[in-house]
Amino acid sequence: MDMLHRPRRLRKNDAVRRMCRETRLSPDSLIYPIFVDETLKGRRPIESLPGQFHYGLDAVAEAAAQCLEAGVGRCILFGLPARKDAEGSSAWADHGVVQEAIRTIKAAYPDFYVITDVCLCEYTDHGHCGLLRGQEVDNDPTLTILAQTALSHAQAGADMVAPSDMMDGRVGAIRGVLDRHGLQEVPILAYSAKYASAFYGPFRTAAGSAPAFGDRRGYQMDPHNRREALRECALDIEEGADLLMVKPALAYLDIIRECANSFALPLCAYSVSGEYAMMKAAASAGLVDEHRIMCESALSVFRAGAGMLITYYAKELAQAMKRGDIG
Ligand code: PBG
């Protein structure tokens, strides 16, 4: 054997191992989901998501403070309104739960970055992400309402809006309305490749947003499809998306890689409620080391090509990065 070409075992030494890492992580790439409940005072544990809480409007600034304390400077807000109706009208109410949460957080921590989830399923009494015509979601009339919702979030001070409804044309509709109201600088994070997934189960329990009948397969993507994700991303880019998202994360690492290779836009992944709940359940049964699988799972998402990650573990991950367990 030609000894000159013998590969050295770089990974034997910790200092070299760290130097040669191909994936670098930073707390700057983490986004923490916050659930705000209009009917609540203080905070209440979310049963389906151990370690997570619903926050009342009086406690939402404290949720932001805890993020900042842990080194996480960004959140995505989800609202649980006091009232639901067929049109989801609480979603775009001037003093709706998300609108008020934005104002409260921004008053206390102006630099804390606030993204809002733009969707109707938490606000409609039927639990679908758009207006209904009979038993079907009516795509086009829904666009107006989504755009109005995004506008009200931005006017309340949201830094970025993230439509998660999966209606066709919603990015363009939202962009148009924001621009007409002088909000050209508010970026759109498009849930572009959002699959019709069983991994959203614990979220729907937490947000009270499970559809009253049927499912979301009419508007969310079929898990069998890969090329369709590229098409969804391309359409969102054409309509004016600024950042793309793949969701869920762990079961869709191939899609993350493919989107990272195909598009120049910043790419976000959402490690969803079911992923978190599975890790929590396995850990509490003593089957796995929670800290290590949390770190390894997050790492896999960045290695697959995501530049940022929405995760219920954001605070713990930021701490892990600070300690040097990953990063
Ligand atoms: C709203 C929305 C959902 C999630 C984010 N935004 C639920 C759904 O589509 O049913 C899921 C997030 C999670 O599971 O953590 N449409």
Q.
Can you report the number of residues in segment 142-160 which are surrounded by 22 or more Cβ atoms within 10 Å (Cβ to Cβ) and touching a strand residue (DSSP E or B) at 6+ places or on another chain (Cβ under 7 Å)?
A. 6
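Quick grid of which residues meet (1) open to solvent by less than 40 Å² (accessible area, probe 1.4 Å); (2) touching a residue at least 60 places away in the same chain (Cβ under 8 Å); (3) of a type in the set (Asp, Glu); (4) out of contact with any His (no Cβ under 9 Å at 6 or more places or on another chain):
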| residue | (1), (2), (3), (4) |
| --- | --- |
| Gly134 | no, no, no, yes |
| Asp140 | no, no, yes, yes |
| Ala162 | yes, yes, no, yes |
| Val171 | yes, yes, no, yes |
| Arg175 | yes, yes, no, yes |
Q: Kindly indicate the residue of segment 123-133 that is within 15 Å of Met166 (Cβ to Cβ) and not in a strand (DSSP E or B) and also farthest from the chain's Cα centre (by Cα) among those meeting that condition.
A: Leu131
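Every residue, every condition in (1) part of a helix (DSSP H, G or I); (2) more than 17 Å from the chain's Cα centre (by Cα); (3) at pLDDT below 95, yes or no:
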{"position": "Val161", "(1), (2), (3)": "no, no, no"}
{"position": "Val171", "(1), (2), (3)": "yes, no, no"}
{"position": "Asp179", "(1), (2), (3)": "yes, yes, no"}
{"position": "Gly182", "(1), (2), (3)": "no, yes, no"}
{"position": "Ser192", "(1), (2), (3)": "no, no, no"}
{"position": "Pro223", "(1), (2), (3)": "no, yes, no"}
{"position": "Leu230", "(1), (2), (3)": "yes, yes, no"}
{"position": "Ala234", "(1), (2), (3)": "yes, yes, no"}
**Q.** Residues (touching a Ser or Thr at 6+ places or on another chain (Cβ under 9 Å), away from the ligand (no atom under 13 Å from the Cβ) and of a type in the set (S, T, N, Q)) located in segment 259-299
**A.** Ser297
Q. How many of the residues making up segment 177-209 are open to solvent by 60 Å² or more (accessible area, probe 1.4 Å) and of a type in the set (Lys, Arg)?
A. 1
Q) Filter segment 104-116 for residues that are open to solvent by 10 Å² or more (accessible area, probe 1.4 Å) and within 20 Å of the chain's Cα centre (by Cα); which is nearest to Cys75 (Cα to Cα)? A) Tyr113
Q) How about segment 264-297: which of its residues are within 14 Å of the chain's Cα centre (by Cα) and in contact (Cβ under 8 Å) with a residue 60 or more places away in the chain? A) Cys268, Tyr270, Val272, Ser273, Gly274, Glu275, Tyr276
Q) So, in segment 88-103, of the ones that are open to solvent by 10 Å² or more (accessible area, probe 1.4 Å) and either within 16 Å of the ligand (Cβ to nearest atom) or β-branched (Val, Ile, Thr) (or both), which residue ends up nearest to Ala147 (Cα to Cα)? A) Trp92
Q: Return yes or no: is Ala212 touching a Pro at 6+ places or on another chain (Cβ under 8 Å), open to solvent by 20 Å² or more (accessible area, probe 1.4 Å) and either within 16 Å of the ligand (Cβ to nearest atom) or over 18 Å from Ala147 (Cβ atoms) (or both)?
A: no
**Q.** Selected residue (only one of Ala304, Ala264, Ala281, Ala229 is small (Gly, Ala, Ser) and in contact with a strand residue (DSSP E or B) (Cβ under 7 Å, 6 or more places away or on another chain))
**A.** Ala229
(Q) Checking Ala82 against (1) of a type in the set (Gly, Ala, Ser); (2) open to solvent by less than 40 Å² (accessible area, probe 1.4 Å); (3) more than 21 Å from the chain's Cα centre (by Cα), only one condition comes out false. Which one? (A) (2)
**Q.** Considering residues of segment 18-44 that are closer than 25 Å to Ala249 by Cα and within 16 Å of the ligand (Cβ to nearest atom) only, the residue farthest from the chain's Cα centre (by Cα)
**A.** Val36
Q. Within the group Arg217, Arg204, which residue is under 30 Å from Leu178 (Cα atoms), at pLDDT below 95 and assigned to a helix (DSSP H, G or I)?
A. Arg204
**Q.** Residues located in segment 1-23, provided they are under 29 Å from Arg74 (Cβ atoms) and surrounded by fewer than 10 Cβ atoms within 10 Å (Cβ to Cβ)
**A.** Met19, Glu22
(Q) If I filter segment 216-226 for residues that are more than 14 Å from the ligand (Cβ to nearest atom) and under 26 Å from Val186 (Cβ atoms), do I get at least one hit? (A) no
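The values are calculated or read from the model by the stated rules, or taken from the named source; none is laboratory data. In this text the structure is predicted, and so the values were computed from the model without any measurement. Cβ coordinates were reconstructed from backbone atoms using ideal geometry, including for glycine residues, and neighbour counts include every protein chain displayed. Remember, those area values only see protein heavy atoms, side chains included, never the ligands or the DNA or RNA. Shrake-Rupley method; radii C 1.70, N 1.55, O 1.52, S 1.80 Å.
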